[in-house]
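Input: a single structure, listed below in structure tokens.
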Amino acid sequence: MESPSPQQNLKSALQAAQVWWADMGIEVPPLPVARPKKRAAPQQGTQKSLAPKQAAQKPVLAKPPEPERAGLKEQIAKATALAQAAPTLDALKTAIENFDAGLLSDHAHKMVFARGNPHADIMVIGEAPGKQEDISGEPFVGAAGQLLDKMFAAINMDAQNLYITNVCNWRPPHDRDPSEDELALCKPFITRHIQLCAPKLIVLVGGISLATLAGKTSIMKNRGQWQELDIADTTIPAMPLYHPSFLLRKPELKKFAWRDLLAIKARIQHQNF
Ligand code: URA
């Protein structure tokens with residue numbers, strides 16, 4: 001076996017440090033993406049191209065190329081007008097289904113709207129659909145969704161007490177995180193969704209949901225800290241929670257999610273919903 005290069009050693013050390021920082025509850029910066037060195041074109045049949053490997057890497061909140069960004073303002077204005085004109089959840093669902101969200105809606109099989117009880121006091125808002133959700137058209141039905149259901153079952157809550165959705169309505173290509181522009185495009189829809197449901201309490205599941213709706217960038221620092229979301233003319237309390245996909249990878253952090261669930265339960269009991 002070949003011994004690792006100095007670059008590989010450095011990358012492994014950085015990755016180990018990231019896991020350590022995350023365990024300590026410290027905000028973990030993403031690893032810088034290495035710029036590929038310019039190489040002489042490989043002779044045919046002598047060297048594999050690096051391109052597929054680089055393409056497979058998951059970009060974090062990647063900005064789409066410039067042509068995608070052109071017209072973004074107009075698209076957001078269109079989404080806002082459509083969302084605000086929807087008088088009911090059914091109308092909102094139809095408006096989103098008919099909306100052209102570019103790469104996002106072109107690439108997805110189904111628009112993912114919501115599941116659970118639309119009259120519930122608690123709205124649970126995740127990030128973006130994955131493969132199972134893209135197939136079924138319902139949020140949180142894969143492995144992360146099963147853990148999410150178990151987490152709420154532990155505080156005696158189920159689909160009758162909860163209404164579950166996401167800040168992004170389509171599965172992003174290659175399961176990457178939605179880009180900032182894509183989230184900005186979906187934001188009018190989630191804002192109207194919240195307005196129509198008028199929940200008493202919101203659970204922000206994961207950092208992307210926290211950033212999109214509360215404008216805070218660190219789930220590590222903000223989980224467990226009550227937020228206040230100003231939606232239309234109402235202020236709604238919101239609790240940021242670690243994402244169940246993250247907890248599946250880092251089960252040692254479940255104890256923090258348990259504390260946050262207990263805080264949600266205490267607030268519900270205190271306010272007597
Ligand atoms: N992760 C999410 O944030 N939402 C889903 O619907 C599925 C996985």
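Pairs please, first residue from region 105-117 and within 17 Å of Arg192 (Cβ to Cβ), second anywhere and modelled with pLDDT of 95 or more and in a strand (DSSP E or B), Cβ atoms under 7 Å, 6+ apart in sequence or on different chains. Within 7 Å, the pairs are Val112/Asn166; Phe113/Thr165; Ala114/Tyr163; Ala114/Ile164; Ala114/Thr165.
Give region 255-273 a look and list any residue that's in contact with a strand residue (DSSP E or B) (Cβ under 7 Å, 6 or more places away or on another chain) and closer than 12 Å to Met151 by Cα, or say none. Passing the criteria: Ala257, Asp260, Ile264.
Given the criteria under 21 Å from Pro129 (Cβ atoms), away from the ligand (no atom under 12 Å from the Cβ) and not basic (Lys, Arg), does Ala232 qualify? No, not satisfied.
Among the residues of region 137-149, which ones are of a type outside the set (Phe, Trp, Tyr) and either within 23 Å of Leu253 (Cα to Cα) or within 10 Å of the ligand (Cβ to nearest atom) (or both)? Across region 137-149, the qualifying residues are Glu138, Pro139, Val141, Gly142, Ala143, Ala144, Gly145, Gln146, Leu147, Leu148, Asp149. Looking only at residues of region 117-136 that are more than 26 Å from Lys255 (Cβ to Cβ) and within 12 Å of the ligand (Cβ to nearest atom), we find that the one that is surrounded by the fewest Cβ atoms within 10 Å (Cβ to Cβ) is Lys131. Of all the numbered requirements in (1) surrounded by 24 or more Cβ atoms within 10 Å (Cβ to Cβ); (2) outside any loop (DSSP other than H, G, I, E, B); (3) of a type in the set (A, V, I, L, M, F, W, C), Phe152 misses one, and that requirement is (1). Exactly one residue among Ile190, Ile194, Ile236 is in contact with a Pro (Cβ under 7 Å, 6 or more places away or on another chain), within 21 Å of Ala120 (Cα to Cα) and of a type in the set (Val, Ile, Thr), and that residue is Ile236.
Residues in region 150-157: is at least one within 10 Å of the ligand (Cβ to nearest atom) and either of a type in the set (Asp, Glu) or out of contact with any Lys or Arg (no Cβ under 8 Å at 6 or more places or on another chain) (or both)?
no
When we screen Leu248, Leu213, Leu262 for residues that are surrounded by fewer than 17 Cβ atoms within 10 Å (Cβ to Cβ), of a type outside the set (Asp, Glu), within 16 Å of the ligand (Cβ to nearest atom) and part of a helix (DSSP H, G or I), the only hit is Leu248.
Cβ separations smaller than 7 Å between residues 6+ apart or across chains give no pair from region 126-150 residues that are free of Cβ contacts under 8 Å to residues at least 12 places away in the same chain to residues that are part of a loop (DSSP other than H, G, I, E, B) and near the ligand (Cβ under 6 Å from one of its atoms).
The values are calculated or read from the model by the stated rules, or taken from the named source; none is laboratory data. Computed from a predicted structure; not experimentally measured. Using ideal geometry, Cβ is built from the backbone for each residue, glycine included, and neighbour counts are taken over all protein chains shown.
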